[in-house]
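Inspection log for the structure reproduced underneath, given as structure tokens.
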Amino acid sequence: MKVAIVHDWLVESGGAEKVLSELVNIYPQTEVFSTVDFLSDEQRHIILKGKFATTSFIQKLPKSKDYKKYFTFMPLAISSFNLSEFDLVISSSSSVAKGVVTGPNQLHICYCHSPMRYAWDLQHQYLKESGFDKGVKGFLVKYFLHRMRKWDVTSSFYVDHFVANSNFIARRIKKFYRRDADVIYPNVEVGEFDLVKNKDDYYFTCSRMVPYKKIDLIVETFSNMPDRKLVVIGDGPDMDKIKSKATSNIELMGYQSFSVLKDKMSHAKAFVFAAEEDFGIVPVEAQACGTPVIAFGKGGALETVKEGVSGIFFKEQNVDSLSDAINIFETMKFNPVLIREHAEQFSTEHFKSQIQSLVNKKFKEYQLDCVL
């Protein structure tokens, strides 16, 4: 069968791109489509195995690298792809990719990382953090998000079958689209991480420095705990804000290579994770090193961290709650071997087997439906 994979946009390497990379591994002859493609040569080799995506008209617009400025054109751009020659279309979607148009003799499976976050339950947070919660601009943005919600629901009708990256996202799909979804956890390269049993005396976190990752909360918490050392890897728009909160017990390393990140993660006494993520690959990577996780107890972390075995949770995204969790963690003991064993259920091998099984099952069902 001829396979097409559709991704929202190709601008960086993140969790969704790791899933995309493995989908390309599973279907090596696939053609990839995306609204824009600005991957570096290194990223292209890793994510697309050297392939170039077929892009939309947005790629050719002025200053298209700032692709978010053209977000009002995204639904039109994604629906403009001619996919009529393909038997199977897999959309890798956290925004618009699921809106591709397919015919009655094609099967469209959507691997949904999340419904459009900023248009639904995170709308008010997005508006506040972007400075669009008041005034004329705020009114226009709210109207635009209202239009996007309507399109988001309508485009969900284009999907024959949804796959969610966690039970958390399956519930959101049911809430917003009124559709059921199978759950297949994202692939985590567990084998790339070494189990380290002897840990050093520091806590660790890593992330792109953006508001919802809550790195500022982690740094602020440790600034009030001068006897606890924290190591932070990552860079981004919030870096200056985070630097202003850092004290001498906090080491901000900025962007680092993967080898440095792995070394710091594997030797840390705990990985601290304060975001509400749809799944969260990095906490699983930490557990693959035998490193326990202190995580905010909402979202995908509830499915990837086993409390008391591979980590603990804190209940609220504030300094007091995280501080209490750290103090409790200091009184506990964790077995790195058991933590690693827990992480192995999220391996790439599991992902590949489940995706192939589901696609083959749905393709056979769809062929039968067509015959009937």
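A few points about this structure:
- Test: residue in segment 293-305 that is under 21 Å from LYS18 (Cα atoms), part of a loop (DSSP other than H, G, I, E, B), out of contact with any strand residue (DSSP E or B) (no Cβ under 6 Å at 6 or more places or on another chain) and not β-branched (Val, Ile, Thr): yes
- A residue that is in contact with a Leu (Cβ under 6 Å, 6 or more places away or on another chain) and under 14 Å from ALA343 (Cβ atoms) occurs nowhere in segment 272-282.
- Flag if ALA286 is closer than 13 Å to TYR203 by Cα and assigned to a strand (DSSP E or B): no
Each row is one residue, and each column tells you yes or no for (1) within 20 Å of the chain's Cα centre (by Cα); (2) not hydroxyl-bearing (Ser, Thr, Tyr).
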position	(1), (2)
SER34	yes, no
ASP37	yes, yes
ILE47	yes, yes
TYR67	yes, no
LEU76	no, yes
SER79	no, no
GLU85	no, yes
SER91	yes, no
SER94	yes, no
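- Whether a residue is assigned to a helix (DSSP H, G or I), in contact with a Cys (Cβ under 8 Å, 6 or more places away or on another chain) and of a type in the set (Val, Ile, Thr) was assessed, and VAL219 does not pass this test.
- Checked against (1) free of Cβ contacts under 8 Å to residues at least 60 places away in the same chain; (2) more than 19 Å from SER114 (Cα to Cα); (3) β-branched (Val, Ile, Thr), THR221 passes all but condition (1).
- Residue that is nearest to the chain's Cα centre (by Cα) [pool: residues in segment 353-369 that are among the hydroxyl-bearing types (Ser, Thr, Tyr) and surrounded by fewer than 14 Cβ atoms within 10 Å (Cβ to Cβ)]: SER353
- Segment 52-105, residues that are closer than 18 Å to VAL19 by Cβ, outside any helix (DSSP H, G or I) and touching a strand residue (DSSP E or B) at 6+ places or on another chain (Cβ under 6 Å): ALA53, LEU88, VAL89, ILE90, SER91, SER92, SER93, VAL100
- Considering residues of segment 244-275 that are touching a Lys or Arg at 6+ places or on another chain (Cβ under 9 Å) and not hydrophobic (A, V, I, L, M, F, W, C) only, the residue nearest to TYR203 (Cα to Cα): LYS269
- Whichever residue in segment 229-249 is among the aliphatic types (A, V, I, L, M) and not in a helix (DSSP H, G or I) and, among such residues, is farthest from the chain's Cα centre (by Cα): ALA246
- Segment 325-342, subset surrounded by 15 or more Cβ atoms within 10 Å (Cβ to Cβ) and either of a type outside the set (A, V, I, L, M) or free of Cβ contacts under 8 Å to residues at least 12 places away in the same chain (or both), residue nearest to THR221 (Cα to Cα): PHE329
Bear in mind that the values in this text are calculations on the coordinates, not laboratory data. Note that the structure is a prediction, hence the values are computed from the model and not measured. Virtual Cβ from ideal backbone geometry, glycine too; neighbours counted across all protein chains shown.
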